[in-house]
Amino acid sequence: MQPETVIKYPVSTERTLRTMEAENKLLFVVDKKATKADVKKAVEALFKVKVQAVNTYITAGKKKAYVKLGPENPAIDIATQLGMM
């Protein structure tokens, strides 16, 4: 899968912003067929960061992925690039 097709868009809520600051995680809506490995590769390719872990879940027909970044890559920097901050 192409990185552009795996990641659909970031989710920006009060809860995700707190998670971003406290745990260095970002939340994305991803393609339903994407695996955790696909999400990891896509985030690393699109944002040039190191991903430590990916957790996915499906709600209301959408697949979402929490992406934990390495300590050398603050999630807030990526959020700023995406216009979330």
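Quick look at the numbers
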{"quantity": "Hz values of 3J(HN,Hα) by residue in the range 38-49 - Karplus curve (6.51, -1.76, 1.60), Gly and Pro given as x", "calculated": "4, 5, 4, 4, 5, 5, 5, 6, 6, 10, 6, 10"}
{"quantity": "Karplus 3J(HN,Hα) series, Hz, for the range 54-59 with 6.51 cos²θ - 1.76 cosθ + 1.60 (x for Gly, Pro)", "calculated": "9, 10, 10, 7, 10, 9"}
{"quantity": "Sorted largest first, extent of the range 3-82 alpha carbons per principal axis (Å)", "calculated": "29, 26, 20"}
{"quantity": "Filtered GluC sites (Glu not before Pro), the chain: DSSP coil and at most 16 other beta carbons within 10 Å", "calculated": "E72"}
{"quantity": "Nonlocal amide H pairs with Q52, under 5 Å, H built at 1.01 Å", "calculated": "K68, L69, G70"}
{"quantity": "Ranked list, fewest to most other Cβ atoms within 10 Å of each Cβ, for V6, V29, V67", "calculated": "V29, V6, V67"}
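The numbers here are math on the coordinates, done by the rules we state, and not lab data. Being a predicted model, the structure only gives us computed values, none of them experimental. Note that we place each Cβ from the backbone using ideal geometry, even for glycine, and neighbour counts take in every protein chain shown.
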